[in-house]
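> Here's a structure for you.
What follows draws every value from the coordinates through simple rules; no lab data is involved. Please read all numbers here as calculations on a predicted model, not as lab measurements. With ideal geometry, Cβ positions are generated from the backbone for all residues, glycine too; neighbour counts draw on all protein chains shown.
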Amino acid sequence: MANPASGMPVDFPANPASAPPAPGAVSWGAVLAGAAGAAALALILTLLGLGLGFSVVSPWANQGASATTLGLSAIAWLTLTQLFASALGGYLAGRLRTRWLQLHPDEVHFRDSAHGFLAWAVATLATAALLTSAIASIAGGTGAAGSLLPGIRGDSEGAGDAGTDYLLDALFRPATDAPAVDATAAVQRPPVTEREVREVRRIIMNTALSGELPQPDRRHLGRMIAERTGITPEQAEARAGAIHASIQTRLREAAAAAREAADRARKASAKTTLWMFISLLVGAFVATLAGIYGGRQRDD
């Protein structure tokens with residue numbers, strides 16, 4: 001519109017209400033896109049690593065890769081997976097973010113790095129949420145070592161391994177050097193009942209780790225075994241003491257093996273956790289650098 005006095009055109013100020021809104025500091029669409037790309041690539045690489053790991057594992061002795069080689073390979077693959085996935089997610093977040101006009105270069109640099117870091121953080125949280133059940137099952141597996149100690153707490157119902165059951169069954173086995181008996185005596189001898197077997201198991205297992213078999217229990221077992229096997233009570237008591245000592249040795253060895261297994265699991269869990277921490281730090285750093293690089297390419 002021309003000025004009536006000078007005839008020159010006049011520029012009216014723009015209407016603030018009609019001006020386009022300034023873009024926000026965080027482009028969440030770009031962040032989510034980068035996180036989705038990082039999580040997808042991490043999933044693909046993880047499946048590839050599992051496939052390669054299963055291909056070099058063998059159930060046969062002295063075949064396939066060793067446990068040390070598998071552990072080092074898993075750590076290296078985990079780090080590479082974090083590096084590649086984080087780089088992709090950070091680059092996508094920086095490249096797809098909204099272009100900020102009239103901002104200081106330092107502010108643009110900070111926002112690009114923040115976009116890369118946010119993409120890594122969202123992808124990490126999403127992956128952790130999906131793998132929570134798997135991690136819980138792995139961690140709970142370390143508590144299965146307690147199953148190697150059957151009957152330690154005196155729970156004799158259904159407790160014990162095949163070796164312990166074999167030793168307990170040997171209590172009622174007739175002696176090979178016992179004098180022969182006629183058929184009538186054999187028929188009149190009462191058979192061993194399930195209740196008696198459970199009672200013997202409870203008596204033996206109750207003191208299997210605590211100490212020697214008490215004398216009242218030894219005499220009771222001697223009478224019970226002598227009635228069912230035909231041997232003398234003294235021989236039955238000696239048999240009960242020997243079986244008790246054998247089971248005691250077996251359970252102590254099982255307890256030592258369980259403690260060793262738990263210690264190995266503890267050390268392996270500690271190493272795995274530390275390396276996961278390092279790989280996640282590497283992923284966060286790489287995602288931040290990739291966000292800056294992608295943002296610069298976006299502006300150029």
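> Quick one: length gained pulling Val197 to Asp299 fully straight, 0.36 nm per residue minus the C-alpha distance?
On the way: separation 102, 0.36 × 102 = 36.72 nm, distance 8.31 nm.
The Val197-Asp299 span can extend by a further 28.4 nm.
> So how do 34-41, 214-221, 268-275 stack up, highest first, on mean other-Cβ count within 10 Å? Intermediate values should be presented prior to the final figure.
Numbers: 34-41: 22.4, 214-221: 15.1, 268-275: 12.6.
Final packing ranking: 34-41, 214-221, 268-275.
> Please find the FRET efficiency linking Glu107 to Ala261, where r is the Cβ-Cβ separation and R0 is fixed at 51 Å, and quote it to the nearest 0.05.
Values: r = 55 Å, r/R0 = 1.08.
That pair, Glu107 with Ala261, gives E of 0.40.
> Please sort by residue number the trypsin sites (Lys or Arg not before Pro) in segment 80-121 whose DSSP state is loop and whose Cβ has at most 11 other Cβ atoms within 10 Å.
On the way: sites: Arg95, Arg97, Arg99, Arg111; in loops: Arg97, Arg99.
When the trypsin sites (Lys or Arg not before Pro) of segment 80-121 are filtered for loop state and at most 11 Cβ neighbours within 10 Å, Arg99 remain.
> Answer rounded, prolate or oblate for segment 215-300, using the Cα gyration tensor with square roots of eigenvalues a ≥ b ≥ c: rounded when a/c is under 1.5, else prolate when a/b is larger than b/c, else oblate. Intermediate values should be presented prior to the final figure.
On the way: a/c = 10.03, a/b = 7.16, b/c = 1.40.
Cα axes put segment 215-300 in the prolate bin.
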